[in-house]
1. Would you mind stating whether residue 21 is closer than 13 Å to residue 257 by Cβ, within 16 Å of the ligand (Cβ to nearest atom) and not aromatic (Phe, Trp, Tyr)?
2. Being free of Cβ contacts under 8 Å to residues at least 40 places away in the same chain and of a type outside the set (A, V, I, L, M) is the filter here, so list the residues in the range 470-482 that pass it.
3. Say we look at the range 571-587 and pick out the residues that are over 17 Å from residue 560 (Cα atoms) and of a type outside the set (Gly, Ala, Ser); which of these is modelled with the lowest pLDDT?
4. Does residue 250 count as within 11 Å of the ligand (Cβ to nearest atom), aromatic (Phe, Trp, Tyr) and within 24 Å of residue 3 (Cα to Cα)?
5. Out of all the residues in the range 490-525, which are farther than 16 Å from residue 476 by Cα, touching a residue at least 60 places away in the same chain (Cβ under 8 Å) and either small (Gly, Ala, Ser) or in the same structural domain as residue 455 (by TED's automatic domain parsing) (or both)?
6. Would you mind telling me which numbered condition in (1) more than 9 Å from the chain's Cα centre (by Cα); (2) outside any helix (DSSP H, G or I); (3) touching a residue at least 60 places away in the same chain (Cβ under 8 Å); (4) crowded, with 22+ Cβ neighbours inside 10 Å residue 10 fails?
7. Do you know which of the residues in the range 541-573 that are among the polar types (S, T, N, Q) and assigned to a loop (DSSP other than H, G, I, E, B) is farthest from residue 601 (Cα to Cα)?
8. Residues of the range 222-237 being away from the ligand (no atom under 12 Å from the Cβ) and of a type in the set (A, V, I, L, M, F, W, C), which ones?
Amino acid sequence: MQQNKFYITTPIYYVNDVPHIGHAYTTIAADVVARYKRLEGVEVFFLTGTDEHGQKVQQAANDVGVSPQEHVDKLHQRFKELWVRLNISNNDFIRTTEERHKKLVRDILQELHSRDEIYRDSYEGWYCTPCERFWTEKDLAEGNCPECQRKVDKIKEHNYFFRMGKYQQWLIDRIKNDPHFILPASRKNEVLGFLEKPLEDLCISRPKSRLAWGIPLPFDGDYVTYVWFDALINYISIHGSLDDIKASGFWPADHNMVGKDILTTHAVYWSTMLKAIGLEPPKNIFAHGWWTVNGQKMSKSLQNVVEPNQLIDQFGVDVIRYFLLREVPFGQDGDFSHKALIGRLNSDLANNLGNLLNRTVNMMEKYFAGVVPTPATNGPEDKALTEKSGEVIAEVRILYNELAYNKILQKIWELVDTTNQYIDKTGPWNLAKTDEGKERLKTVMYNSAESLRVLGVLLNPFMPQSTESLMKQLGIEAPIAEQGMKSINQWGGLKPGSQTQKAKQLFPRIEDKQAAQILTELSSPKEEKKDNGNQITIDEFMKVELRTGKILEAEKVKKSKKLIQLKVDIGTETRQVLAGISESYEPEDLVGRTVIIVANLKPAKLMGIESQGMVLAASNDGNIILAGFDQEPGQGVQVR
Ligand code: ME8
């Protein structure tokens, strides 16, 4: 029996990151399955969102002189906007700073604490601030954090712990007994390898004195929740209370889809948390592989981050969606190159699929004035084509269970190729020459168009925009979502008499000269500037009023580790400005210094104090250096 509810999630991405093709990859992959299931008539819930608490957010907000909440309210939009551009059909977008999420986190903490699943203990260990993780002595890599290689601090403090260790054997059995639970199989073995060592309890709190930006523990206000314990709960907080979740029919999730980097947190932390809460683990955690760019890890410092907005502008959204899922088997690592993308666009999309559509619609116009004819005959070639279509549909349905996107697309392309060959073999241009041939031509043209209709439905989850346009060209107005997979269960759904409509090519070929130009542009240093859809015009820049100012007074803001309150003379007036620089500067060293102020920034309150501007500074791994001048420019002078 067909399951009638389906729940799929992506990781919730760190709100600080600029979204790149890695984030787009997971989200597109989840979107394709969600769209496919909807076409099968299943009720789908597809969730994505942003992870908004923790040290890095607090630090970044401080650096720009705004509150963490203001910071995340602004930054999460970049993900939302990209998902709209990429035609992501998520049903909801969860942010961990929303009350609906925080409430469930608090309820779960309270419940686990009251059941002694969470306990207080003293702890001594090495702490990596950027990664927000504790390490034991033996975990360290030459004295540094084994994950980011940065320096760690020895910390001794009281904290709260979740009794994760006691679920070790249960988890091992669960993984071994359910081959579908963790996929691909190679990743499952990695998790089992990890579980060969004793599983320790999980520290789920951070003292507020060190990190304030988190969900306070309901049973001890001096602590906030560890960001991973908070974040993982997003997958269920969307459905309400624990009772609501059980009643929703959307738990356990069908797929928690993640990248391989965060498999352990999901397979181990998340599964044991759910066990303690009394919920089933997800039916499947799928950890896909990692994209590199020309063999290198994507990173801002290497200036090689592939920015999806730029790709969409250049190639169109469906080309990106197709390429990412066709190029690399889901689960394996892949290397991104613009050249490979252009290659796929030209061969698979322009030459094979695009050409099939063009020639079919052109011949339909030429021989039948664009009116789809009634098929008249049924020969062996026709039978072979319809059988191929049936076989492809059946196999695609099976391959979705394995999330084998590249195989699904390969299979669908078998139908593209078979249809092109069908046209070549039957030769409509010859059939049109004789009366007998013209009868046969009706069937050939009908079948070619019908095959394209089947392709339109099958490809819709991958290329939602182009397939709607393909359908319109065939004279079908109803959206594919309404037609569903059931519309291709039988051959012959295309109505004779439909009026085809010639339109511009779906996937124009990129000729060699143009390709060379695109590649040069994309690989030149300009890329970084064009990058992330963030360019501004000179007029926009000029809106920012930068002025020199002399610091008259400076004092630390009580209860804040970072903020210093300044009085700054900007020539025309004295401004009160808060700056997150106290870890790098003493107040007395600041008085008399000339700084650069953003003078037309809307005033904002930080810790109850109004800040009437912002001081410019460089921030390098938490080390703040104020921007200044090599000669004294005087107060209130414009900076450009
Ligand atoms: O880890 N190749 O968020 P994150 C493939 N907030 N996928 C990539 C990728 C790449 N180069 N780079 C990123 C977090 N991804 C946590 C998750 S969930 C409760 C909390 C994708 O912003 C991939 O899905 O670092 C990876 O797992 C995820 O982005 C990490 O996103």
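1. no
2. 472, 477, 479, 482
3. Filtering first and then ranking leaves 572.
4. No; evaluated as a whole, the condition is false for this residue.
5. 515, 523
6. (1)
7. 560
8. Matches in the range 222-237: 224 only.
The values are calculated or read from the model by the stated rules, or taken from the named source; none is laboratory data. Every value quoted in this text rests on a predicted model; they were computed, and no experiment measured them. When we count neighbours, we look across all protein chains shown, and the Cβ atoms used for this are built from the backbone with ideal geometry, even at glycine.
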